[in-house]
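Quick notes on the structure that follows.
The values are calculated or read from the model by the stated rules, or taken from the named source; none is laboratory data. All figures in this text were calculated on a predicted structure; none of them were measured in a lab. Here Cβ is always computed from backbone atoms with ideal geometry, including for glycine, and neighbour counts include all displayed protein chains. The protein model used for the area step is the full one, side chains on, heavy atoms only, and it has no ligands, DNA or RNA in it. Shrake-Rupley method; radii C 1.70, N 1.55, O 1.52, S 1.80 Å.
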Amino acid sequence: MSAPMETGTRTYEIRTYGCQMNVHDSERLSGLLESAGYVRAGDGEPDVVVFNTCAVRENADNRLYGNLGHLRPVKDARPGMQIAVGGCLAQKDRDTIVRRAPWVDVVFGTHNIGSLPALLERSRVLDEAQVEIEESLVTFPSTLPTRRESPYAAWVSISVGCNNTCTFCIVPSLRGKEKDRRPGEVLAEVEALVAEGVLEITLLGQNVNAYGSGFGALSQAPDDVRSMASGKQSAFAGLLRACGDVAGLERVRFTSPHPKDFTDDVIAAMAETPNVMPSLHMPLQSGSDAVLRAMRRSYRQERYLGIIEKVRAAIPDAAITTDIIVGFPGETEADFEQTLHVVREARFASAFTFQYSKRPGTPAATMDGQLPKKVVQERYERLIALQEEISWAENRKQLGRTLEVLVAEGEGRKDDATRRLSGRAADNRLVHFKAPDEPVRPGDMVTVEVTYAAPHHLVADKPAVGVRRTSAGDSWERRQGGGDAGRSGVSLGMPSIGRPGREPVSAPGCSTRP
């Protein structure tokens, strides 16, 4: 365990795995630590390393223990260094982590992230590991201090937990039943963010469009919830429309919805609220009714394609993205062909695709019909090839269009070499564009004409049509003067198509992650 250290400023580093919920939780962990006097580590070894884990993948524990093993000699050489493990894997494994890696100082779960500073201090003083896992939410995370990674775009959690019982998903058992925030609290946070310079928000929830169900029956819900759901619309549709009334808020997104809760009033709210962007991430998982039934997904192919058709009718320029699992137990070649059929019909702008992998503790892990790796791989390759073809074709439709792009930080890895800047269009497509003659900052808006299309991005190499400096750009500039120069922000973009990267990637919600 950790020995007492000399007094002085302690540094920290947070390593995040998994979905946007975890990314946002890590922003809160940073805020908590900095409120307790820690500072973010620079180039040197940190005094505290926090792993914010994900339990979605089968090999999540191997990755964690491998990383912990690499840190052991570093910790042995630095008396007083501490290691903390939190997130979904910590919630699931609990005492196992300290048994397998006794050099870990703190283990905390998804329901008590606010306890981290106290647990670190207690471990340091008592010189023994502290394991604290709560079975239900202690404090709604949005009430905790937050160190936002981006000065121009922000996550806003409207709910935590999930009431669904998908057979491939372990998240509900780790995040708990759905609990919703009051609409007034959500809008107050949005308004405060806009006052700080934020132009774009993404409303977050494991099942974001089920918002309102966490309050129980509408007749017994608080007055502001019933008011939000007036006129026979859902509380989520009402919340989207209310975001449209926030002065200075230019872009609103949300993730991840569930098809079973995606109602016509939500489509109408998207179409009729100017700052709700024409982009939608709608998880499919499978195009086969039989597989959807085995997954315990309460919609079928016809219902799913009906939603897509209605969205395109109401919002013709919408870019629709999705999640797909290949090789779910029992999936036949005919089942897989149904998935390919939906992909062809839906014309997704991109898809986040995964080969099914077992997650211990889920019903699917013990189902009959587990498929050989070779079969799953071959189907996966076919799906990738089809989606790449469609993505490229859909992006070519953007040629010649004039788009307003929110300049981003850290989106274009080759920007220095190509002398371009990068950002996101309204529909969330990634655009690399020729740097304007006048200086622009992350958070500013640049209007460009698309000159080239690739499957994963667009390019605009003509001179910019226009540049609009924004309060978000001002906020970014102030941050550079505050010692954060050169630090990359967090993208709010949807995942790209194709294979997941080797490094942990942020995905649009963990309730439907394979």
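Tabulated data for the structure shown
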{"read-out": "For S115: the one exception among (1) of a type outside the set (F, W, Y); (2) buried (at least 22 other Cβ atoms within 10 Å of the Cβ); (3) modelled with pLDDT of 85 or more", "value": "(2)"}
{"read-out": "Those residues of the stretch 306-338 which are aliphatic (A, V, I, L, M), open to solvent by 40 Å² or more (accessible area, probe 1.4 Å) and touching a helix residue (DSSP H, G or I) at 6+ places or on another chain (Cβ under 6 Å), in sequence order", "value": "A314"}
{"read-out": "Subset of the stretch 12-37 (residues that are out of contact with any Pro (no Cβ under 7 Å at 6 or more places or on another chain), open to solvent by 20 Å² or more (accessible area, probe 1.4 Å) and not aliphatic (A, V, I, L, M))", "value": "R15, E34, G37"}
{"read-out": "G80, sole failed condition from (1) open to solvent by less than 10 Å² (accessible area, probe 1.4 Å); (2) touching a Pro at 6+ places or on another chain (Cβ under 8 Å); (3) on the phi < 0 side of the Ramachandran plot", "value": "(3)"}
{"read-out": "Filter result (surrounded by 18 or more Cβ atoms within 10 Å (Cβ to Cβ), part of a helix (DSSP H, G or I) and not aliphatic (A, V, I, L, M)) within the stretch 286-304", "value": "Q301, Y304"}
{"read-out": "Of all residues in the stretch 274-285 being among the hydrophobic types (A, V, I, L, M, F, W, C) and assigned to a loop (DSSP other than H, G, I, E, B), the one that is farthest from L340 (Cα to Cα)", "value": "M277"}
{"read-out": "Helices (runs of 4 or more DSSP H) lying entirely in the stretch 53-147 (those with 1 or more residues that are closer than 20 Å to L174 by Cα, of a type in the set (F, W, Y) and in contact (Cβ under 8 Å) with a residue 12 or more places away in the chain)", "value": "60-76"}
{"read-out": "Lone unmet requirement of (1) under 22 Å from the mean Cα position of the chain (by Cα); (2) surrounded by 22 or more Cβ atoms within 10 Å (Cβ to Cβ) for D261", "value": "(2)"}
{"read-out": "Tabulated pairs, the stretch 275-286, first farther than 30 Å from A247 by Cβ, second of a type in the set (K, R) and part of a loop (DSSP other than H, G, I, E, B), C-beta under 8 angstrom, 6+ apart or interchain", "value": "Q285/R297; S286/R297"}
{"read-out": "One residue from A349, A313 being closer than 22 Å to I267 by Cβ, over 23 Å from the mean Cα position of the chain (by Cα) and modelled with pLDDT of 95 or more", "value": "A313"}
{"read-out": "Residue in the stretch 40-53 that is closer than 22 Å to Q206 by Cα, aliphatic (A, V, I, L, M) and open to solvent by less than 40 Å² (accessible area, probe 1.4 Å) present", "value": "no"}
{"read-out": "Any strands (runs of 3 or more DSSP E) falling wholly within the stretch 330-444 and containing at least 2 residues that are within 30 Å of K92 (Cβ to Cβ)", "value": "350-355"}
{"read-out": "Of the criteria (1) in contact with a helix residue (DSSP H, G or I) (Cβ under 8 Å, 6 or more places away or on another chain); (2) assigned to a helix (DSSP H, G or I); (3) farther than 30 Å from V407 by Cβ; (4) not aromatic (F, W, Y), which one A271 fails", "value": "(3)"}
{"read-out": "Given (1) in contact with a Phe, Trp or Tyr (Cβ under 6 Å, 6 or more places away or on another chain); (2) closer than 16 Å to E149 by Cβ, index of the condition E27 fails", "value": "(1)"}
{"read-out": "The stretch 445-469, residues that are assigned to a strand (DSSP E or B) and either open to solvent by 40 Å² or more (accessible area, probe 1.4 Å) or over 26 Å from I320 (Cα atoms) (or both)", "value": "E449, Y452, G466, V467, R468"}
{"read-out": "Given (1) hydrophobic (A, V, I, L, M, F, W, C); (2) touching a Phe, Trp or Tyr at 6+ places or on another chain (Cβ under 9 Å); (3) surrounded by fewer than 23 Cβ atoms within 10 Å (Cβ to Cβ), index of the condition V125 fails", "value": "(2)"}
